[in-house]
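Everything below concerns the one structure shown next.
The values are calculated or read from the model by the stated rules, or taken from the named source; none is laboratory data. Bear in mind the structure is a predicted one, so any value in this text is a computation, not a measurement. Here the Cβ positions follow ideal geometry from the backbone for every residue, glycine too, while neighbour counts run over all protein chains shown. Note: accessible area is taken over every heavy atom of the protein model, side chains too, but ligands, DNA and RNA are not part of it. Shrake-Rupley method; radii C 1.70, N 1.55, O 1.52, S 1.80 Å.
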Amino acid sequence: MARRSFVAGNWKMNKTPAEARALALELRQRLAGSAKCDVAVCPTYLCIAAVAEALRGSRIAVGAQNLYWMKSGAYTGEVSGPMLVAAGCQYTIIGHSERRQYFAETDETVNKRLLAALDAKLQIICCVGETKDERLGNVTEQVVKRQLEGALAGLKAEQLAALTLAYEPVWAIGTGLTATPQQAQEVHAFIRGLVRAKFGAAVAEALRIQYGGSVKADNAKDLLSRPDIDGALVGGASLVAGDFEAIVKAAK
Ligand code: PGA
């Protein structure tokens, strides 16, 4: 079964609502033509409503960058899955390495968020990836396996239909260093093998695995042409409309 490519922009902590709206409108215009892959943008919580409004009826979906697992209540500073859906989100990122690095995200909390996102009927982009020390220490596969098993604990095979995985080597995020297409393909194939062993061949073949980490207009085509790389999670380059457009157009 051919997997449909999926390119998502992670805008991180950038843009005011007015700036986010302007970027969304420009992307809407630039990407109006072909629709051969799925596209989403993930602004800050603050900008979701403005971006969803700007993109309504377009091919570009809106995602959040995180969510909390409780639905509502006394959890100062948090936002829940049902709230994201009500604001216009179809997707949420979970387990981004910046959350793991700076905000004490663990495999266990990734799993709680993932189950809450499923409950809210959000589609999920769940991130895994090793640090530079882990790669140099030859433990990339162990780390990715631990993160994946932690994230997917308790999931049933049919629930993986709502899931996209993103392999993001931490050493490649925002550094200008990209995994070579060969390095990325190897880890993607390893991840798909893990999913096959746990959830079966049909689920593994249907699962989309994005690559993330310094994806740019000039390296996207090579990365995205690899058999197990089904799209990209783009940080820095997703803030520049022309660059994001070029990456979307490089998708198979
Ligand atoms: P980058 O970020 O493209 O700026 O490296 C990717 C990500 O963190 O998702």
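Observations, loosely collected:
- The smallest convex shape that holds all Cα atoms of the stretch 117-205, its convex hull, gives 101 Å³ per residue.
- Taken along the Cα-to-beta-carbon direction at a fixed 7 Å, the label points for E108 and Q159 span 1.8 nm.
- Take the stretch 124-228 with all the other protein chains still there, run a 1.4 Å probe, and you get 42 Å² of accessible area per residue.
- Extending 7 Å from Cα along the Cβ direction at D218 and again at E53 yields two label points whose distance is 3.9 nm.
- The H on the amide N of G129, modeled in the peptide plane, is under 5 Å from the matching H of E168, each at least 5 residues off or on a different chain.
- Set the Cα radius of gyration of the stretch 60-190 against 2.2 N^0.38 Å, with N its number of residues, and you get 1.08.
- Convex hull of the stretch 93-161 built on C-alpha atoms - directionally averaged projected area, nm²: 4.7 nm²
- Largest to smallest principal axis extent of the C-alpha atoms in the stretch 16-91, angstrom: 44, 25, 16
- Once the convex hull of all Cα atoms in the stretch 1-130 is built, its volume per residue stands at 128 Å³.
- Residues N14 and A202, FRET efficiency given R0 of 30 Å [Cβ-Cβ distance, rounded to 0.05]: 0.20
- Applying 1/(1 + (r/R0)^6) with r as the Cβ-Cβ distance of N138 and S34 and R0 = 35 angstrom yields a FRET efficiency of 0.25.
- Solvent-accessible area assigned to carbon and sulfur over the chain amounts to 55 percent, based on a 1.4 Å probe.
- Relative packing of 27-40, 92-105, which averages over residues the other C-beta atoms within 10 Å, highest first: 92-105, 27-40
- Dividing the convex hull volume of the alpha carbon atoms of the chain by its residue count gives 116 Å³ per residue.
- Farthest positive-ward along the chain dipole, Cα basis, beta-carbon charges - from I209, A2, Y45: A2
- The three principal axes of the C-alpha atoms in the stretch 41-85 carry coordinate ranges of 35, 15, 14 Å, sorted with the longest axis first.
- The listed peptides 9-19, 168-178, 195-205, ordered by packing as a protection proxy, come out as 168-178, 9-19, 195-205 (highest mean of other Cβ atoms within 10 Å first).
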